[in-house]
Ligand SMILES: NC(=O)c1ccc[n+]([C@@H]2O[C@H](COP(=O)([O-])OP(=O)(O)OC[C@H]3O[C@@H](n4cnc5c(N)ncnc54)[C@H](O)[C@@H]3O)[C@@H](O)[C@H]2O)c1
């Protein structure tokens, strides 16, 4: 049985691909950036596949190839996502559309394709969507368009879980906090400029906001995804679990 990770050429997706391979899955490392996917796939004897989560045709072609080369897909991780930062009053319409298209519609299109494949192959599989703490709480600066897209992911996770349960397919989400990836490097630079601070000062704010006292690693998220994907979570569905060192605790 195979596992598919989207946006697996970097960051959380790459760490998740490694973790799923370590746990014995044949992993399809997919990304819009095929070269990046190839580097990660070569480390874990996986299959590198070009997959743009905003294109139904691209997703369907990838599913077809992965099913025939690695076998029926048992685990699908919709991880690909993008971010930009702007004050709400200045968010360009194009940035709103891009966040919704990649982060929300991407999870929708991938979820449909994954579930159709699982049902057709008689596989009682598991889908994990990567949302964010910004999918549970809107009180974060400069990310209103991203917040909208990630709330959509949390809502869609519940709706998918409800409708796919009769097929034996579980659907859950993870909500990471401040994860040290290339996305965070970009956000540190943007937020520093918007707050008139240095990136190092902003990073210190992230750590101060995290009760467990450090930045989150991609591996912290990957282990939680692997837990939700696996048998230890066989009676868990429709959940969006915080994986964030206690940041944003109510
Ligand atoms: N880094 C954080 O602090 C953080 C926090 C919460 C949630 N997240 C979420 O985690 C996920 C991964 O984030 P990351 O920090 O690893 O990001 P990243 O930018 O480091 O990596 C994202 C990967 O997604 C790929 N990608 C972008 N658009 C794509 C598309 N249309 N189709 C397929 N692949 C595409 C990129 O090529 C890249 O390899 C995203 O959904 C992000 O919103 C990140």
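The values are calculated or read from the model by the stated rules, or taken from the named source; none is laboratory data. Remember, it's a predicted structure, so these values are computed and weren't measured experimentally. Here the Cβ positions follow ideal geometry from the backbone for every residue, glycine too, while neighbour counts run over all protein chains shown.
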Output the residues belonging to the stretch 75-122 that are buried (at least 22 other Cβ atoms within 10 Å of the Cβ) and more than 16 Å from the ligand (Cβ to nearest atom). 75, 118
Enumerate the pairs (first residue in the stretch 61-73 and at positive phi; second residue anywhere and surrounded by 18 or more Cβ atoms within 10 Å (Cβ to Cβ) and at pLDDT 95 or above) with beta-carbon separation below 9 Å, excluding pairs fewer than 6 apart on the same chain, so at least 6 apart or on different chains. 71/2; 71/26
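Looking at this structure, is residue 128 away from the ligand (no atom under 12 Å from the Cβ), under 23 Å from residue 232 (Cα atoms), outside any helix (DSSP H, G or I) and in contact with a strand residue (DSSP E or B) (Cβ under 6 Å, 6 or more places away or on another chain)? Give the derivation first.
On the way: away from the ligand (no atom under 12 Å from the Cβ): no; under 23 Å from residue 232 (Cα atoms): yes; outside any helix (DSSP H, G or I): yes; in contact with a strand residue (DSSP E or B) (Cβ under 6 Å, 6 or more places away or on another chain): yes.
It is false that residue 128 is away from the ligand (no atom under 12 Å from the Cβ), under 23 Å from residue 232 (Cα atoms), outside any helix (DSSP H, G or I) and in contact with a strand residue (DSSP E or B) (Cβ under 6 Å, 6 or more places away or on another chain).
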Between 164, 212, 228, which is out of contact with any helix residue (DSSP H, G or I) (no Cβ under 9 Å at 6 or more places or on another chain), under 30 Å from residue 119 (Cβ atoms) and either touching a residue at least 12 places away in the same chain (Cβ under 8 Å) or surrounded by fewer than 17 Cβ atoms within 10 Å (Cβ to Cβ) (or both)? 228
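Please state which one of 40, 4, 53 is under 19 Å from residue 150 (Cβ atoms) and in contact (Cβ under 8 Å) with a residue 24 or more places away in the chain. Let's see the steps before the verdict.
Numbers: 40 fails: under 19 Å from residue 150 (Cβ atoms); 4 fails: under 19 Å from residue 150 (Cβ atoms).
On inspection, the qualifying residue turns out to be 53.
Tell me which residues, restricted to the stretch 10-43, are over 18 Å from residue 81 (Cα atoms) and touching a strand residue (DSSP E or B) at 6+ places or on another chain (Cβ under 6 Å).
Here is the first cut: in the stretch 10-43, the ones over 18 Å from residue 81 (Cα atoms) are 18-27, 38-39, 41-43.
Within the stretch 10-43, 20, 21, 25, 26, 27, 38, 41 meet the criteria.
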Given the conditions (1) surrounded by fewer than 19 Cβ atoms within 10 Å (Cβ to Cβ); (2) out of contact with any helix residue (DSSP H, G or I) (no Cβ under 9 Å at 6 or more places or on another chain); (3) under 20 Å from residue 81 (Cβ atoms), which single one is not true for residue 204? (3)
